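*Asks:* Below is the structure I would like to discuss, written out as structure tokens.
No lab work stands behind these numbers, since they all come straight from the coordinates. The model shown is predicted, which means the values in this text are computed figures rather than measured ones. Ideal geometry is used to build each Cβ from the backbone, glycine not excepted, and the neighbour counts take in all protein chains shown.
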Amino acid sequence: MILKSLTLRNFKSYASETFSFHDRFNLILGENAQGKTNLLEAIHFLLAFRPFKQLRTEEIIRFGSSECGLKGEILSHMGFDEVHILLNEDHKTLKLNSKIVYHTSKVYGRYNIVSFLPTDLELIKGGPQGRRRYIDALICALEGAHLRDLKLYHRALTQRNAILAKTSAITSDKIEVWDEKLAEVGSQVISRRLEFISKIKPQLNKIYKLTSGLDQDIQIHYKSSIDLEGNLEQSFKDMLRLKFEIDKKRFHTTVGPHRDQISFSIAGKDSAVYASQGEAKNLALSLKTSEIEMIKQFLGRTPILLLDDVTSELDGQRKKFLFKFLEDFPGQIFITTTDIKEILYKGEIRVFHIIDKKVRQKHILT
Ligand SMILES: Nc1ncnc2c1ncn2[C@@H]1O[C@H](COP(=O)(O)OP(=O)(O)OP(=O)(O)O)[C@@H](O)[C@H]1O
Ligand SMILES: [Mg+2]
């Protein structure tokens, strides 16, 4: 899959700009606050139909403008696509090959991207919600049914919580129908998470060992108040019944996949607590690299890679491994840096040098 070109209009710091990208290696070079990350954000928005993280519309639209637009030409396993996104204060319009797409979920996962961001460290050191979201987003990109089940689950959860919040004088039969629904789709959500974790774990171990040069075991733990050994749907239902009195007192549902905890450990030690900055960064990089492998295994596709300022904080060995990996990677790459000397890639590079927020393109051979 290749992003051939991108036109931005009033997107963040960009007034109007068109990029024609290299099929392999694109370097976005510039001092701080020039719009390097904004460009990656635009690429992500175009291909994933959403920004890196939840942003309000006014944060995306250029200051002083009332709407923004992105247009991209993409060569994918589906053929040649033209994607158009138009965003104004109260509406987002997505067009695929000139036809309006009314439900983004219909095209979700059409393109595959893996992004390496400075904030990835939070996946290792931050709270459990970030890891849950990350794993779910990954599974959604691989299996459309997961997105559908997550939506159904959250709809049922909202309904159950609304009943619990209304009065403490309710009886369990009033929420039984929602218990059934939560158990039915929630057990699917948990089961897919467990399956995904068991598949990514060997990959993650292999890459972590290779990059760190250390023979340390990496584990991914899934902690749930539901018994994971037996019939998940039945165990979930039993647990909802068991916790009903507590849920009534707290006015919300206290068990289920929305509360389950995912954690990593290096050599038996919880990474959120014990991993050093370098260890956490390497584990995050290994996780993202495993993500590429999972996309290849599940879908037989090569994703586009977005790497934002990844070289800072990596030591010499890890930097070398990263660029060797990128040289061998068969797909398209976008990488940002403030210092071209950090880029150890051997081959043809298209450089987009941003100076005073203006872009100059040139080719170089390294
Ligand atoms: N909605 C917006 N409208 C106009 N400018 C914006 C908007 N959102 C962000 N900016 C500007 O974009 C600039 C930051 O861009 P970006 O984060 O892409 O920089 P960068 O080149 O990645 O810098 P760094 O090297 O520090 O990471 C800031 O100057 C910010 O004010
Ligand atoms: Mg940046």
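*Asks:* Considering the dipole of the chain built from charges on the beta carbon (Lys and Arg +1, Asp and Glu -1) around the Cα centre, which of Ile266, Phe45, Gly316 is farthest to its positive end?
*Replies:* Farthest towards the positive pole: Phe45.
*Asks:* Still on this model: Only Cα pairs under 8 Å and at least 6 apart count here; give the relative contact order of region 120-300 as a rounded whole percent. Walk me through the numbers before you get to the answer.
*Replies:* Working: 206 pairs, mean separation 59.7, N = 181.
RCO, region 120-300: 33 percent.
*Asks:* Could you tell me the calculated FRET efficiency between Lys324 and Asn88, based on Cβ-Cβ distance and R0 = 45 angstrom, to the nearest 0.05?
*Replies:* Values: r = 45 Å, r/R0 = 0.99.
Rounded to the nearest 0.05, the efficiency is 0.50.
*Asks:* Still on this structure: Please report, in debye to the nearest 20, how large the charge dipole of the chain is about its Cα centre when each Lys and Arg carries +1 at its beta carbon and each Asp and Glu carries -1 there.
*Replies:* Details: 56 positive and 46 negative charges, 81 e Å.
Its charge dipole is roughly 380 debye.
*Asks:* Over the chain, what is the relative contact order in whole percent, taking alpha-carbon pairs under 8 Å and six or more residues apart?
*Replies:* Details: 609 pairs, mean separation 88.9, N = 366.
Relative contact order for the chain comes out at 24 percent.
*Asks:* Here is a further query. If the chain between Asp238 and Ser312 were fully stretched, how many nm would it gain, using 0.36 nm times the residue separation less the Cα-Cα distance?
*Replies:* Numbers: separation 74, 0.36 × 74 = 26.64 nm, distance 4.91 nm.
Separation in residues times 0.36 nm, less the Cα-Cα distance, equals 21.7 nm.
*Asks:* A further question follows. Quick one: among Asp356, Asp308, Asp217, which has the greatest mean-square fluctuation in a GNM of the chain with alpha-carbon springs under 10 angstrom?
*Replies:* Asp356
*Asks:* For region 27-34, just list the computed ³J(HN,Hα) in residue order, Karplus coefficients 6.51, -1.76 and 1.60, θ = phi - 60°, integers in Hz, with x standing in for Gly and Pro.
*Replies:* Here the 3J(HN,Hα) series is 10, 9, 10, x, 5, 4, 6, 9 Hz.
*Asks:* Given the peptides 76-84, 287-295, arrange them by the average over their residues of other C-beta atoms within 10 Å, most packed first.
*Replies:* On the way: 76-84: 14.7, 287-295: 21.1.
Those peptides, ordered most packed to least, come out 287-295, 76-84.
*Asks:* To continue, here is another question. In whole angstrom, how far apart do the alpha carbon centroids of region 285-321 and region 187-266 sit?
*Replies:* Here the two parts' Cα centres lie 24 Å apart.
*Asks:* Given H placed 1.01 Å from N in the peptide plane, which residues other than close sequence neighbours of Lys12 have an amide H under 5 Å from its amide H?
*Replies:* Those qualifying (amide H under 5 Å, at least 5 residues apart or on another chain) are Ile61, Arg62.
*Asks:* Work through the residues other than Tyr345 whose Cβ is under 14 Å from its Cβ and net out their charges, Lys, Arg +1 and Asp, Glu -1. All intermediate terms of the calculation are to be shown ahead of the outcome.
*Replies:* Values: positive: Arg24, Lys319, Lys320, Lys324, Lys341, Lys346, Arg350; negative: Glu327, Asp328, Asp339, Glu342, Glu348.
That works out to +2.
*Asks:* What net charge do the residues around Asp81 carry, taking every other residue with its C-beta under 12 Å from that of Asp81, with Lys and Arg at +1 and Asp and Glu at -1? Walk me through the numbers before you get to the answer.
*Replies:* Working: positive: Lys4, Lys71, Lys95, Lys99, Arg110; negative: Glu73, Glu82.
Cβ neighbours under 12 Å give a net charge of +3.
*Asks:* Related question: Tell me what the chain gives for mean residue ellipticity at 222 nm when only DSSP H runs of n ≥ 4 count, each as -39,500 (n - 2.57), the sum divided by the residue total, rounded to 500 deg cm²/dmol. Don't jump to the answer; show the numbers that get you there.
*Replies:* On the way: 11 runs with 155 residues, N = 366.
Mean residue ellipticity at 222 nm (helix-derived): -13500 deg cm²/dmol.
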